[in-house]
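Since the structure comes first, as structure tokens, the remarks are kept for the end.
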Amino acid sequence: MTKKSALITGITGQDGSYLAELLLKNNYTVHGIVRRSSLFNRSRLAAIYRESEANDLHLHYGDLVDSSSLNRILEKIEPTEIYNRAAQSHVGISFDVPEYTADVDGLGTLRLLDALKNTQIKAKLYQASTSELYGKAGKVPQDELTPFYPRSPYAAAKLFAYWLVVNYREAYGIFASNGILFNHESPRRGENFVTRKITLSIVSILKGELSHLELGTLDVKRDWGYAPEYVDAMWRILQYHRPDDFVIATNETHTVREFVEEAFRFIGKEIVWTGVGVDERGVDRATDRVLVTINPKFYRPTEVDILQGDSSKAKALLNWQPKTRFKELVHLMVEAELRAAGLVNLESNERIALL
Ligand code: NAP
Ligand code: F7E
């Protein structure tokens, strides 16, 4: 039997790296598109390189803003599956670079779909759609039929991409599916997303390198899952017998405030809140030390207040269900950060108390 081959755009990102691991484990040949950058940006792939059969992972220079590179790569490798994970993926930053975000996240998807159509390669395509499409949703929880109301340039660009996937499926018979994924996190999450920022800052506070954590809005709610489980859902979406669109979520929602409380609780600190608005403070109950403050620079011009997914369709049709729950996710992220910083005694497995 011929080996399946997959092309992953965004292979250097959080999801791309977990997906590459999964596909290599499933005996695929994996190709990834990498961008040129002045510093090498492949740290998330280092472990895969060490562990994989060297010949099964291939990286190609390309960019979603460069059609010629997409055409060239598709023609060269003729993948059986394409996972479009590349994006300017930071919602807050999309307000600062809206045109670039639209170019990569919106037009980039169009370039890829069009390259697939023009080369006539019979590959299935997975599109990284997002719960941000729901934005100011009129309904909680959100499922595949909930109307979209994007609240950022990022979400608007992803909305354009979502509908192009549907259109290329209907117009040209391309096997193209949208995974509408709710937030998913891990120790590999980018450092300026709120979960990773919290866990990293806790370690910096423990090490005496940071006095306190600064955040924006604390009472927004997100449905946070564990990234390695979500890449399994992506793979299942492309193994389904027809192209379709699926919500992938834990079906639970929690505030940023709860994430902060649980993360500090894990290192033995109880946070009590004082003040309101920009004057709110998170204080260590035992010592009265201020550990959390608000900085309005992290507020967004428009916010998404509550996301909570209903992934019943994925459960029924793909046999996919989330396993890692909120507390476990917070704990595993803080634990990984402590280990990476050398704050866990590897012999006794005990945490080193610094604060
Ligand atoms: P991420 O860590 O920010 O990774 C983004 C990837 O895209 C990186 O590999 C990045 O390369 C690459 N990239 C950015 N611009 C590119 C361009 N112009 N051409 C080619 N590659 C480019 O994001 P993630 O969390 O893994 O998310 C993966 C995808 O899922 C994104 O499309 C995101 O919008 C979507 N999504 C994420 C979530 C979530 O909760 N994580 C939820 C729903 C949807 P560099 O390493 O060179 O920067
Ligand atoms: O923000 C609030 C912030 O940046 C979560 C991306 O993967 O998931 C992600 O988008 C919430 C927002 O993720 C800070 O205002 C408070 O309400 O971690 P985030 P996101 O915007 O939900 C979706 C599904 C994607 O598709 C995206 O690609 O936390 N928040 N204080 C903060 N957020 C950040 N980043 N930093 C703060 O200091």
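The values are calculated or read from the model by the stated rules, or taken from the named source; none is laboratory data. Remember, it's a predicted structure, so these values are computed and weren't measured experimentally. Note: ideal-geometry Cβ built from the backbone for every residue, glycine included; neighbour counts use all protein chains shown. For the accessible areas, the whole protein counts, side chains as well, though only heavy atoms, and no ligand, DNA or RNA atoms are used. Shrake-Rupley method; radii C 1.70, N 1.55, O 1.52, S 1.80 Å.
So, in region 1-37, how many residues would count as being more than 13 Å from ligand 1 (Cβ to nearest atom), among the hydrophobic types (A, V, I, L, M, F, W, C) and out of contact with any Asp or Glu (no Cβ under 9 Å at 6 or more places or on another chain)?
So the answer is 1.
More than 24 Å from L307 (Cβ to Cβ) and either at pLDDT 95 or above or more than 8 Å from ligand 2 (Cβ to nearest atom) (or both): which single residue out of L218, L181, L210, L159 fits that description?
On the way: L218 fails: more than 24 Å from L307 (Cβ to Cβ); L181 fails: more than 24 Å from L307 (Cβ to Cβ); L159 fails: more than 24 Å from L307 (Cβ to Cβ).
On inspection, the qualifying residue turns out to be L210.
Here are some conditions: (1) part of a loop (DSSP other than H, G, I, E, B); (2) open to solvent by less than 40 Å² (accessible area, probe 1.4 Å); (3) within 17 Å of F298 (Cβ to Cβ). N192 meets all but one. Which one does it not meet?
Only one criterion is unmet by N192, namely (2).
Suppose the filter is part of a strand (DSSP E or B) and surrounded by fewer than 17 Cβ atoms within 10 Å (Cβ to Cβ); does E214 pass it? Steps first, answer last, please.
On the way: part of a strand (DSSP E or B): yes; surrounded by fewer than 17 Cβ atoms within 10 Å (Cβ to Cβ): yes.
When the stated conditions are applied, E214 passes them.
Taking the condition of being in contact (Cβ under 8 Å) with a residue 24 or more places away in the chain, farther than 30 Å from R111 by Cα and within 16 Å of ligand 1 (Cβ to nearest atom), how many residues in region 168-216 meet it?
Here the count works out to 7.
Among the residues in region 44-53, are any open to solvent by less than 50 Å² (accessible area, probe 1.4 Å), of a type outside the set (F, W, Y) and in contact (Cβ under 8 Å) with a residue 40 or more places away in the chain? Before the answer, list the steps.
Within region 44-53, the first condition is being open to solvent by less than 50 Å² (accessible area, probe 1.4 Å), and the residues that meet it are 45-48, 52.
Adding the requirement that they be of a type outside the set (F, W, Y) leaves 45-48, 52.
Remaining after also requiring in contact (Cβ under 8 Å) with a residue 40 or more places away in the chain: none.
Scanning region 44-53 turns up no residue that is open to solvent by less than 50 Å² (accessible area, probe 1.4 Å), of a type outside the set (F, W, Y) and in contact (Cβ under 8 Å) with a residue 40 or more places away in the chain.
So how many residues does region 290-326 have that are free of Cβ contacts under 8 Å to residues at least 60 places away in the same chain and either within 16 Å of ligand 1 (Cβ to nearest atom) or of a type in the set (D, E, K, R) (or both)? Give the steps one after another, and end with the answer.
Here is the first cut: in region 290-326, the ones free of Cβ contacts under 8 Å to residues at least 60 places away in the same chain are 315-316, 321.
From the residues that got through so far, the ones that are either within 16 Å of ligand 1 (Cβ to nearest atom) or of a type in the set (D, E, K, R) (or both) too are 315.
Counting residues in region 290-326 that are free of Cβ contacts under 8 Å to residues at least 60 places away in the same chain and either within 16 Å of ligand 1 (Cβ to nearest atom) or of a type in the set (D, E, K, R) (or both) gives 1.
Is at least one residue of region 84-93 buried (at least 18 other Cβ atoms within 10 Å of the Cβ), away from ligand 2 (no atom under 16 Å from the Cβ) and part of a loop (DSSP other than H, G, I, E, B)?
No: zero hits.
Is region 260-277 home to any residue that is assigned to a loop (DSSP other than H, G, I, E, B), over 27 Å from the mean Cα position of the chain (by Cα) and among the charged types (D, E, K, R)?
Within region 260-277, the first condition is being assigned to a loop (DSSP other than H, G, I, E, B), and the residues that meet it are 267-270, 275-276.
With over 27 Å from the mean Cα position of the chain (by Cα) added as a condition, the list becomes 268-270, 275-276.
Narrowing the set further to residues that are among the charged types (D, E, K, R) leaves 269-270.
So far as region 260-277 goes, yes, one or more of its residues are assigned to a loop (DSSP other than H, G, I, E, B), over 27 Å from the mean Cα position of the chain (by Cα) and among the charged types (D, E, K, R).
Which one is least open to solvent (accessible area, probe 1.4 Å), of the residues in region 279-310 that are in a strand (DSSP E or B) and closer than 28 Å to V247 by Cβ?
The initial filter retains those residues of region 279-310 that are in a strand (DSSP E or B), namely 281-284, 290-294, 306, 309.
Narrowing further to those that are closer than 28 Å to V247 by Cβ: 306, 309.
On the way: I306: 55, G309: 1 Å².
The selected residue is G309.
Filter region 245-275 down to residues that are charged (D, E, K, R) and in contact with a strand residue (DSSP E or B) (Cβ under 6 Å, 6 or more places away or on another chain) and give me whichever is nearest to ligand 1 (Cβ to nearest atom). Step through it out loud before you land on a result.
Of region 245-275, the ones charged (D, E, K, R) are 245, 252, 257-258, 261-262, 265, 269-270.
When the remaining residues are screened for being in contact with a strand residue (DSSP E or B) (Cβ under 6 Å, 6 or more places away or on another chain), the result is 245, 261, 269.
Numbers: D245: 13, E261: 21, K269: 26 Å.
Residue satisfying both the conditions and the ranking: D245.
Condition first: under 24 Å from the mean Cα position of the chain (by Cα) and either part of a strand (DSSP E or B) or among the hydroxyl-bearing types (S, T, Y) (or both). Now tell me which residues in region 55-83 satisfy that.
L57, H58, L59, H60, Y61, T80, E81, I82, Y83
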